[in-house]
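Okay, so here's the structure we're looking at.
The values are calculated or read from the model by the stated rules, or taken from the named source; none is laboratory data. Given the structure is predicted, the values throughout are model-derived calculations rather than measurements. Positions of Cβ are generated from backbone atoms using ideal geometry, with glycine treated the same way; all protein chains shown enter the neighbour counts. Note: areas computed on protein heavy atoms with side chains; ligands, DNA, RNA excluded. Shrake-Rupley method; radii C 1.70, N 1.55, O 1.52, S 1.80 Å.
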Amino acid sequence: MKQIAVGILAHVDSGKTTLSEAMLYKSGTIRSHGRVDHGNAFLDTNEIEREKGITIFSKQAVMSFNDTNLTLLDTPGHIDFSTETERTLGVLDYCILVISGSDGVQSHTQTLWKLLERYSVPTFIFVNKMDISHFQKSEIIADLQKYLSENCIELSDTDSLVLCDENIMDEYLNNGLVSDNAISSAIKKRTLFPCFFGSALKMDGIDEFLKSLDKYTTMPQAINEFGAKVYKISHDTDGKRLTHLKITGGALKSKAVLEITEADGTITSEKVDNIRIYSGEKFTSTDTVSQGTVCAVTGLTKTVAGMGLGFERDTKKPVLEPVLTYKLEILDNTDVHTALTKLRILEQEDPQLRIIWNELLREIHIQLMGEVQIEVLRRVLDERFSMKADFSEGAISYRETIADTVEGVGHFEPLRHYSEVHLILEPGKPGSGVVIRSDCSEDLLDKNWQRLILTHIAEKTHTGVLTNSPITDIKITLASGRAHKKHTEGGDFRQATYRAIRHGLMRAESVLLEPYYSFRLELPTECVGRAMTDLQQMSAEFSAPELKDEMSVIKGTAPVSTMRGYSADITAYTSGKGKLFTALDGYKPCHNTDEVIAETGYNPDSDTDNPAGSVFCAHGAGFTVAWNEVEDYMHLESALKKTEELVADNSHIKEYVSGVINDEELLRIFEKTYGPVKVKSYTAMQKRTSPAPKPAKYAKPKHIYDGPTYLLVDGYNIIFAWDELKKIAEENLDAAREILVNRLCNYRGFTQCNLILVFDAYKVKGGVGSVENINGIDVVYTKEAETADAYIEKVTHELTKKHRVRVATSDGLEQLIILGSGAQRVSASEFFKEVTETENKIRDFIKNMG
């Protein structure tokens, strides 16, 4: 029997827990069907959950259906507890995303979808509450395809199914059928997201859904070596610490000794006392658990959520972070240090519950997601620790980043100590956090010292120079450094590294960031004017209202600082008819930077805990050099200046040669399509995204070809299908284009085909189209509002009248159109193999010539 871990996710009030109950009931796991509103749901085991009717803590239930043993992990749907949801994603084989049929895709649904993409979790979609929905299935599918993925489809829709996955298309074209294995494979690869409809409360559609989970899920490949992922820490009613984990390889036995690597690199050994498999509130003890099992173990004290055991690595840093900071107000006689100890226990259970101890003010500050989490925390402190507490009004948790590339230098040389570190600080992509790498030669600095420097960068939350807020979205590269054979100690590089980061931040153009909400506001149409006025005053960005009967929907983004508490205002001025749904949308430039900086009153020059200057040595004594004078004293040359000089010396990058097409017949076709075209020097800058209309049939055409062979290549489709080019394109699209052109020039020269490389410029404003001949291949840039596949379709139709035509693309819809025109399709993967083989033949030929 296959062992599958399935998570269930949803926007709050979509019926997620109700669906869990229905699945447990239909599978025979529970005898009675509980209800959230009755307070007797099997998985709502906490008293607070029963009172509020929402899931707060992730829990598991074990169920069997046909040939599948399912571990169902129910996760919170409320935005305030979404970090608990994210931690669960790392141990899932599959996910069930529940959509409310009466509400469609909501703001938090999109946040969850992004998380599923980040963790690459194959996903089934269940559209619930269809018994009360006023939408048709087709409308909901269109909504899913618009906001989530165009591959969200019903399995009964064969026309759409074949367009989702290349293997499915091949199978359908060859056999006229699509096998269960092909569907399973597409779901596993996340090229297909099957959609099911029903009502969990009415038990409608549950049987079909369970059968599909049984039919289309597969176990991961068996691994003999032990591995496990920790996703949660909790304590049972007796106070025993529980480590919740999933076995990803081998087996785990009771009394086994595990090696645990802590955050600082310390390795300790701990013994597993007991293994429990939970289902709801109850558990069964077992001596051994194998791959695929989700369990809880006692005896481990050093584990944390996200930790990897055995061969598993630690999970990547979570995306979702708390955005509000509150000060703890103790209302009883509990000592502040006792309160801190108790809060540290809760911090272990929820790492995103940030506990900050201010030694100077002797205050406890807590970073949280929102008001509902505050209410729950207040209850937990009272019920678990008999501690009465309240919280002051929350402050916004700001972040800082930089807008330019700078070099930070840190030098630490008091008497008998020595270290110097040069770091390059660059702006990172939004949401990337702090990315650390080394580009330092081992001839310059030993590898062990480099590792130590990278550890020092990562071990601390570094703060910015505007408001002393944590930095984010910055790439830090170790460029160079120096140690002394006799006088350098480990602590020296810690000082130099910290100072180098601070020095770089002082030199850079800093940007203050604040958290934003994406929101969906539903309210009576007569209240739209008031709402739009409010949103403008909040510095919100939003689209035009969408009218739905007597209600209107406004979608957009707004700073958390301005939208907090707005739900109460909406309830008041809409007489309870309006609803506001919000989801965190990451950090963006602050809308009132000057005001926030002035209010904070932070002076980086006076911050003795974070010095930006360096310490040098002269005449047997150390002396401090201010940050703006460090470059005059540093011992190594500037790494950034050296790089800039190297780039300047190699600025003669090869440019494309514009010219007229040599092939008169191709020129005639081009001018027939567009009219007379003057060659322009612009190049297309965006990947094609517009889909073409669906064809009505999928029959294989039969054609007789003569004349020379033409090969048409969909440029951007190939770039983003080949891993190497895709990686380059993410940094520099022009470079990826040039590499593709160069490779295809070699390919054409060897194969002697007529090669036409098409890039679309349908979003290039005012573009009239251009054609270049580069080393024998014709490079076409389409005109504005014209996609590459539209051009290829027209040219293919003309050329196949006289010539054999092949088209290289992995666009499913384009492939069908190609077949209908009588051309031969070549997938991106097949074309990659052809080009690679040709390059190998060229190398062999040159080698033999030598």
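Odds and ends about this structure:
- Under 5 Å from the amide H of residue 204 lie the amide H atoms of 199, each residue being 5 or more positions distant or on a separate chain, with H modelled from the backbone and absent for Pro and chain starts.
- Here the translational diffusion coefficient of the stretch 62-162 follows from Stokes-Einstein with Rh set to the Kirkwood radius across Cα pairs; for 4 °C and 1.567 mPa s it amounts to 87 µm²/s.
- Point-charge dipole on Cβ atoms (K/R +1, D/E -1) for the stretch 315-379, about Cα centre, debye to 20: 220 debye
- Within straight-line reach of residue 802, meaning a Cα separation under 20 Å, sit the following aspartates and glutamates at least 8 residues removed in sequence or on another chain: 663, 664, 665, 671, 706, 778, 793.
- Apportionment of accessible area to carbon and sulfur, the chain, percent (1.4 Å): 48 percent
- FRET efficiency estimate (nearest 0.05) - Cβ-Cβ, residue 117 to residue 156, R0 30 angstrom: 0.75
- Between residue 190 and residue 390, the simple label model (points 7 Å from Cα in the Cβ direction) yields a spacing of 4.5 nm.
- Taking every C-alpha pair closer than 8 Å and separated by at least 6 residues, the mean separation divided by the residue count of the stretch 380-487 gives a relative contact order of 35 percent.
- For the peptides 456-468, 424-436, residues were scored by their other Cβ atoms within 10 Å and the scores averaged per peptide; the highest-first order is 456-468, 424-436.
- The calculated FRET efficiency for residue 202 paired with residue 273, based on their beta-carbon distance and R0 = 56 Å, is about 0.80.
- Ranking 744, 717, 181 by Cα position along the charge dipole of the chain, where only Lys, Arg, Asp and Glu carry charges on their C-beta atoms, puts 181 farthest toward the positive end.
- In order along the stretch 122-136, phi translates into HN-Hα couplings of x, 10, 9, 10, 10, 8, 9, 6, 5, 6, 10, 7, 9, 9, 7 Hz, rounded to whole numbers, per the Karplus curve 6.51 cos²θ - 1.76 cosθ + 1.60 with θ = phi - 60° and x for Gly and Pro.
- Full extension of the segment from residue 455 to residue 238, taken as 0.36 nm per residue of separation minus the current Cα-Cα distance, would add 74.3 nm.
- Computed [θ] at 222 nm, helices only, for the chain once each DSSP H run of length n ≥ 4 contributes -39500 (n - 2.57): -9500 deg cm²/dmol
- Full extension of the chain between residue 338 and residue 170 yields a length gain of 53.9 nm, computed as 0.36 nm times the residue separation minus the alpha carbon distance.
- Checking the Cα-Cα distances for 26/577; 129/577; 202/232; 255/282; 246/282; 188/246 against a 25 Å cut-off, the pairs over it are 26/577; 202/232.
- Taking a point 7 Å out from the Cα of residue 577 in the direction of its Cβ, the residues of the stretch 98-138 whose backbone N falls within less than 19 Å of it are 103, 134.
- The C-alpha atoms of the stretch 442-533 occupy a region whose extents along the principal axes are 78, 22, 20 Å, arranged from largest to smallest.
- Amide H to amide H distances under 5 Å link residue 127 with 99, 196, 197, 198, where only residues 5 or more positions off or on other chains count and H is placed in the peptide plane.
- Working from Cα pairs under 8 Å separated by at least six residues, relative contact order for the stretch 462-555 is 25 percent.
- For the stretch 290-296, Karplus couplings with θ = phi - 60° (6.51, -1.76, 1.60), whole Hz, Gly/Pro x: 10, 3, x, 7, 9, 8, 10
- Electrostatic dipole magnitude of the chain [Cβ: Lys, Arg +1; Asp, Glu -1; Cα centre; debye, to 20]: 1940 debye
- Placing a label point 7 Å from the Cα of residue 834 along the Cα-to-Cβ direction, the residues of the stretch 718-735 with a backbone N closer than 20 Å are 718-726.
- Taking the square roots of five times each eigenvalue of the Cα gyration tensor of the stretch 173-255, the equivalent ellipsoid has semi-axes of 35, 22, 10 Å, listed largest first.
- Residues with amide H under 5 Å from that of residue 474, placed H, sequence gap 5 or more: 428, 433, 434, 435
- One decimal place: the segment residue 375-residue 146 gains 78.9 nm when fully extended, by the rule 0.36 nm per residue minus the C-alpha distance.
- Separation of alpha-carbon centers, the stretch 359-434 and the stretch 234-277, rounded to whole Å: 29 Å
- Using C-alpha pairs under 8 Å with a sequence gap of at least 6, the mean separation divided by the residue count of the chain gives a relative contact order of 8 percent.
- 3J(HN,Hα) along the stretch 466-478, derived from phi through the Karplus expression 6.51 cos²θ - 1.76 cosθ + 1.60 where θ = phi - 60°, amounts to 8, 10, 6, 8, x, 7, 7, 6, 10, 9, 10, 10, 6 Hz, with x in place of Gly and Pro.
- Each Lys and Arg adds +1 at its Cβ and each Asp and Glu adds -1 at its Cβ; summed about the Cα centre, the stretch 144-186 shows a dipole of about 120 debye.
- Note on the stretch 143-192 and the stretch 70-135: Cα centroid distance 21 Å, given to the nearest whole angstrom.
- One entry in (1) -0.34, -0.82, -1.00; (2) -0.40, -0.90, -1.04; (3) -0.35, -0.92, -1.15 is log10 I(q)/I(0) by the Debye sum over Cα atoms at q = 0.05, 0.08, 0.09 Å⁻¹ calculated from the shown coordinates; its label is (3).
- Given charges at Cβ of Lys, Arg, Asp, Glu: the chain dipole, positive-most of 638, 440, 75: 75
- Label point distance in nm, residue 285-residue 137, each placed 7 Å from Cα along Cα→Cβ: 5.0 nm
- Simple label model, 7 Å out from Cα along Cβ direction - residue 609 to residue 539, nm: 2.6 nm
- Ordering 376, 627, 60 by the projection of their Cα atoms onto the charge dipole of the chain, which places +1 on the Cβ of Lys and Arg and -1 on the Cβ of Asp and Glu, puts 60 at the extreme positive end.
- Packing order of peptides 366-373, 177-184, highest average first: 366-373, 177-184 (average count of other Cβ atoms within 10 Å over each peptide's residues).
- Summed over the residues of the chain and divided among them, the accessible surface reaches 47 Å² per residue at a probe radius of 1.4 Å.
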